[in-house]
Amino acid sequence: MTTSNDPQVQDGRAGMPTVSPRRVAIASFSGTAIEWYDFFIFGTAAALVFNTAFFPDLSPVIGTLASFATFGVAFFARPVGAIVFGHFGDRIGRKRMLVLSLLLMGAATVCIGLIPTYHQIGIAAPILLVICRMIQGFAVGGEWGGAVLMAVEHAPPRKRAFYGSFPQAGVPAGLLLATGAFLLVELMPEAEMMSWGWRIPFWASGLLVIIGLYVRLKIVESPEFQKVKDENRVADFPILEVLRTQRPAFLVGVFTQATSLVPFYLVTVFLLSYGPSDLDLSRQTLLLSLLVACAIDIFTVPAASILADRIGPRRMLIYGAVYMALIAYPFFWLLGTGSDLAVLAAMILIVTIGHAVTYSAVAAYVSALFPAAVRYTGASVAYQMGGVVFSATAPFIAVAISSATDGEWALAVYLAAACVVSIIALTVPPAAKVQHH
């Protein structure tokens, strides 16, 4: 390939335009941040508002569980989105699917902000909420794999964890935007915030999607997919190929993620309800601490990925799982002190440090489990099934645990057990055979 200071050059071998890995990584980061903003504002609203807006006739605990259930349904739509987007992403290209996923996510998010409450239209309100949430899940099911593969497949061989970490950093960036948006509406009078102010973050998605589309339309197709297409190796039915020939890799990809997903959704969803109700922590303290931790996490994720490129993604993920298991109880103990500084320290332990070391290498590791011809499908479905098993259930399980026990120790054991699941997945024979780039 010829060298040039212009980020877009011609590939002399194939005559195809290409872009610098940095530009692709930035495009993946920005689009992913917007999609996860859309996804996370639902989780924040589920913890703070939806139990009264859409389930007012239920008791507080049951209403919270119902609200978290609407949050969780998206995770069951995500594997479907992964299969559909993966099928076409492996057959016609990664870029088109990324544009479509962003459009779907933005439309569903704006519509959530327009749904009348239960008091206005009755049972139709939670039904419409669930439908929009499922569309969100379907869209984000295709987002992760496409964004990660565009970054990884454009990257130099020894920097795939680093460039693959940019869409990973889009997750805390999206959460930062979502948390910041709700911090702003929290400044409104309580009655106004609960009646209509919570809708503003959903409406804002429309503008963010326009920005994301502009950025994504500037990049070109993945060179590895183009090679698969040129060599006529496109799979007819990628999901069947994955299930027939890549089952061990698929299972490893699913269970590897327990360490990063369970703690993250305990903090970003469950804690926003558990903190005020059980620990007497203010919502503003929790949101502000989460905001600070996520802001730093945007930078610690790519920083940790540099180490992952040096020692290997698998080893990095194992070290991260051990760390997260060790801080499980200290995290809940710090929250229990009620101190604002202790809450911030707890968030930094889990989000800024723990999430960085357990999530930074996931893109490089999971994508390397599958051959290029079925990589979009394999990586996407494995990642999204991990979400079904570990993310969707985490807030619900945590509510049940905290209601039945004294909370701290039992929740810490739950978090540590998730780490053990990942360690086992990362050390079984199929994982050892993965060829890392």
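The values are calculated or read from the model by the stated rules, or taken from the named source; none is laboratory data. Bear in mind the structure is a predicted one, so any value in this text is a computation, not a measurement. So basically every Cβ, Gly included, is an ideal-geometry build from the backbone, and we count neighbours across all protein chains shown. Note: accessible area is taken over every heavy atom of the protein model, side chains too, but ligands, DNA and RNA are not part of it. Shrake-Rupley method; radii C 1.70, N 1.55, O 1.52, S 1.80 Å.
Can you name the helices (runs of 4 or more DSSP H) wholly within region 219-297 that have at least 2 residues being closer than 21 Å to Ala147 by Cα and open to solvent by less than 40 Å² (accessible area, probe 1.4 Å)?
Helices (runs of 4 or more DSSP H) meeting the threshold: 223-230, 238-245, 247-255, 258-265.
Out of all the residues in region 371-388, is one or more out of contact with any helix residue (DSSP H, G or I) (no Cβ under 6 Å at 6 or more places or on another chain), hydrophobic (A, V, I, L, M, F, W, C) and surrounded by fewer than 24 Cβ atoms within 10 Å (Cβ to Cβ)?
No, every residue in region 371-388 fails to be out of contact with any helix residue (DSSP H, G or I) (no Cβ under 6 Å at 6 or more places or on another chain), hydrophobic (A, V, I, L, M, F, W, C) and surrounded by fewer than 24 Cβ atoms within 10 Å (Cβ to Cβ).
Would you pick out the residues in region 344-368 that are hydrophobic (A, V, I, L, M, F, W, C) and either surrounded by 24 or more Cβ atoms within 10 Å (Cβ to Cβ) or touching a His at 6+ places or on another chain (Cβ under 8 Å) (or both)?
Once the filter is applied, which keeps residues that are hydrophobic (A, V, I, L, M, F, W, C) and either surrounded by 24 or more Cβ atoms within 10 Å (Cβ to Cβ) or touching a His at 6+ places or on another chain (Cβ under 8 Å) (or both), region 344-368 yields Ala346, Met347, Ile350, Val351, Ala356, Val357, Ala361, Val362, Ala363, Ala364, Val366, Ala368.
I need the full set of residues from region 200-218 which are among the charged types (D, E, K, R) and assigned to a helix (DSSP H, G or I), in order please.
Applying the first criterion (among the charged types (D, E, K, R)) to region 200-218 yields 216, 218.
Scanning region 200-218 gives a single hit, Arg216.
Under the condition of being of a type in the set (Gly, Ala, Ser) and modelled with pLDDT under 85, which residue from region 85-121 is surrounded by the most Cβ atoms within 10 Å (Cβ to Cβ)? I'd like the intermediate steps shown before the answer.
So the first thing to find is which residues in region 85-121 are of a type in the set (Gly, Ala, Ser), and the list is 86, 89, 93, 101, 106-108, 113.
Right, trim to modelled with pLDDT under 85 and you get 89, 93.
Working: Gly89: 30, Gly93: 19.
So, considering only residues that are of a type in the set (Gly, Ala, Ser) and modelled with pLDDT under 85, the one surrounded by the most Cβ atoms within 10 Å (Cβ to Cβ) is Gly89.
For region 61-172, which helices (runs of 4 or more DSSP H) that fit wholly inside it have 1 or more residues that are farther than 20 Å from Leu48 by Cβ and touching a Gly at 6+ places or on another chain (Cβ under 9 Å)?
The helices (runs of 4 or more DSSP H) meeting that bar are 94-112, 124-154.
Are there any pairs with C-beta distances below 7 angstrom linking a residue in region 237-263 that is over 24 Å from Pro172 (Cα atoms) to a residue that is of a type in the set (Ser, Thr, Tyr), with the two at least 6 apart or on different chains, and if so which?
Pro238/Thr377; Ile239/Thr377; Val242/Thr377
Here's the yes/no breakdown for (1) under 28 Å from Trp409 (Cα atoms); (2) of a type outside the set (Phe, Trp, Tyr):
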{"site": "Thr256", "(1), (2)": "yes, yes"}
{"site": "Tyr265", "(1), (2)": "yes, no"}
{"site": "Leu271", "(1), (2)": "yes, yes"}
{"site": "Ser277", "(1), (2)": "yes, yes"}
{"site": "Ala295", "(1), (2)": "no, yes"}
{"site": "Val301", "(1), (2)": "no, yes"}
{"site": "Arg314", "(1), (2)": "no, yes"}
{"site": "Ala321", "(1), (2)": "yes, yes"}
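Note down all Cβ pairs under 6 Å where the first residue falls in region 105-119 and is over 18 Å from Ala33 (Cβ atoms), the second is in a loop (DSSP other than H, G, I, E, B) and not hydroxyl-bearing (Ser, Thr, Tyr), and they're at least six residues apart or on different chains.
Taking only residues 6 or more apart or on different chains, the pairs are Tyr118/Phe54; Tyr118/Pro56.
Criterion first (within 21 Å of the chain's Cα centre (by Cα), aromatic (Phe, Trp, Tyr) and under 26 Å from Glu143 (Cα atoms)) does Tyr323 satisfy it?
Against the criterion (within 21 Å of the chain's Cα centre (by Cα), aromatic (Phe, Trp, Tyr) and under 26 Å from Glu143 (Cα atoms)), Tyr323 does not qualify.
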